[in-house]
Amino acid sequence: MDRPILVTGGTGTLGRPLVARLLADGVPVRVMSRRPRRADDDRPYEWAVCDLADGTGLDAALADVRAVVHCATNARNDAATTRRLAGAARRAGVPHLVYVSIVGIDEVPLPYYRSKLEAERIVRGSGVPWTVLRTTQFHDLVAMLTTVQRRLPVVLTPSGVRFQPVEVAEVADRLAELAQGAPAGRVPDMAGPEVRDARDLAAATLRAAGLRRRVVPLRLPGRIVRSLRAGGNLAPDRAVGTGTFEEYLAARGRAGR
Ligand SMILES: NC(=O)c1ccc[n+]([C@@H]2O[C@H](COP(=O)([O-])OP(=O)(O)OC[C@H]3O[C@@H](n4cnc5c(N)ncnc54)[C@H](OP(=O)(O)O)[C@@H]3O)[C@@H](O)[C@H]2O)c1
């Protein structure tokens, strides 16, 4: 039996389609999660309980893997967990560490983005052969910016900010390909097919959800919004994704979400 690919964050928005893609490719998979496996989960992968916040279970999770795709994130700071993972991967002799990062982390001074930049640096210097893919926001995240406001009388968006959301299943396909290939260093960024105004994306999300709300663009101050208005989060020359935001919304509607 081939050695498995370990997917950290294998239960998350990106990890789930990545695990499915690898299994469909016939690749043995080990899913990392902080939680024990559900009793009714009979899918054909291994399960490793591990908390990257303190390293519990990490050595067992890394034992005899052919590659690690690092999708776990705590949405505040990716650096400490990535340092712990990369150090243990080097000691375990892992042949390939794939890290998923975000377009524009060196342009947009969000604290989370700074931690991703640091995590990329850690991966590069880890001594483990590596690949880093930066992508734009997934459709799910962009829709969520609107749906979290559904109980408010209006939906607020940052004026002048655009997004270029990408279909997460396509990111998963690309990561699966990268994880099965040789370490490639920083590969070309991956962005969605359309650059769209945040207001327009909010209106589309509301329409798809059958919600009637006014979208109110707010002129926000500060360096973060300024860098977003300047397009720091976009990669128009890397619009390689094909799934549009409307296609995502329609599929979500059909799935009853
Ligand atoms: N969302 C986007 O739009 C977007 C865009 C570009 C890049 N990315 C990057 O893609 C990656 C995945 O994002 P996502 O949206 O799929 O995240 P997500 O849905 O929030 O999933 C986070 C995952 O991290 C795991 N996790 C969290 N803390 C952990 C810990 N201490 N130890 C072990 N596992 C832990 C969770 O597993 P359990 O809860 O099962 O433990 C979960 O599977 C991130 O690096 C993110 O920066 C995301």
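The values are calculated or read from the model by the stated rules, or taken from the named source; none is laboratory data. It should be emphasised that the depicted structure is a prediction, and the values quoted were computed from it without experimental measurement. Positions of Cβ are backbone-derived with ideal geometry, glycine not excepted, and every protein chain shown enters the neighbour counts. In case anyone asks, the SASA skips ligands and DNA or RNA and just uses the protein heavy atoms, side chains included. Shrake-Rupley method; radii C 1.70, N 1.55, O 1.52, S 1.80 Å.
Here are some notes:
- Between helix 79-92 and the chain: long-axis angle, C-alpha atoms, 0 to 90°, nearest 10: 20 degrees
- Annotation: per residue accessible area for region 1-126 equals 47 Å², rounded to a whole number [probe 1.4 Å, protein chains only].
- Applying D = kT/(6 pi eta Rh) to region 170-225, where Rh is the Kirkwood radius over alpha-carbon pairs, T corresponds to 20 °C and eta to 1.002 mPa s, the Stokes-Einstein value obtained is 141 µm²/s.
- Accessible area in square angstrom per residue, region 178-225, 1.4 angstrom probe: 57 Å²
- In order through region 151-165: 3J(HN,Hα) via Karplus (6.51 cos²θ - 1.76 cosθ + 1.60), integer Hz, x for Gly, Pro: 8, 8, x, 9, 10, 9, 10, x, 5, x, 8, 10, 10, 9, x
- Rounded to the nearest 20 debye, dipole of region 1-125 from Cβ charges on Lys, Arg, Asp, Glu: 160 debye
- Cα lying deepest toward the dipole's positive end in the chain, options 230, 141, 82, charges on Cβ: 230
- Close amide H partners of residue 135, meaning residues 5 or more places away or on another chain with modelled amide H under 5 Å apart, are 101, 102, 103, 190.
- Residues with amide H under 5 Å from that of residue 157, placed H, sequence gap 5 or more: 216, 218
- The fraction of Cα-Cα pairs per 5 angstrom bin, counted from 0 for the chain, comes to 1, 6, 13, 16, 18, 16, 12, 9, 6, 2, 0, 0 percent, rounded to whole percents.
- Prolate is the label for region 118-176. Its Cα gyration tensor axes, ordered a ≥ b ≥ c, give a/c of at least 1.5 and a/b above b/c.
- Electrostatic tally near residue 28: other residues with Cβ closer than 14 Å to its Cβ, Lys and Arg +1, Asp and Glu -1, net +1.
- Once the Cα atoms are used to define both axes, helix 168-180 deviates from the longest principal axis of the chain by about 20 degrees.
- Shown here: region 30-113, whose C-alpha atoms stretch 42, 30, 22 Å along the first, second and third principal axes, sorted largest to smallest.
- Whole-Hz couplings from phi, Karplus 6.51/-1.76/1.60, listed for region 51-65; x for Gly and Pro: 10, 6, 5, 10, x, 4, x, 5, 5, 5, 5, 8, 4, 6, 9
- Both radii come from the Cα set of region 52-157: Rg as radius of gyration, Rh as Kirkwood radius; their ratio Rg/Rh reads 1.07.
- Rounded tilt (10° steps) of 111-124 against the dominant C-alpha axis of the chain: 30 degrees
- Radius 14 Å from Cβ of residue 57, net charge of other residues (Lys, Arg +1; Asp, Glu -1): +1
- A simple rule links phi to the HN-Hα coupling: the Karplus curve 6.51 cos²θ - 1.76 cosθ + 1.60 with θ = phi - 60°, which for region 196-206 gives 10, 5, 4, 5, 5, 5, 5, 4, 5, 5, 5 Hz, with x for Gly and Pro.
- Peptide packing for 32-44, 134-146 was compared via the average number of neighbouring C-beta atoms within 10 Å per residue; ordered from the highest value, the list is 134-146, 32-44.
- Rounded percent of accessible protein surface that carbon and sulfur make up, the chain, 1.4 Å probe: 52 percent
- Three-way shape label, region 68-129, alpha-carbon gyration tensor, a/c 1.5: prolate
- For residue 29, residues with placed amide H under 5 Å, excluding near neighbours: 5, 46
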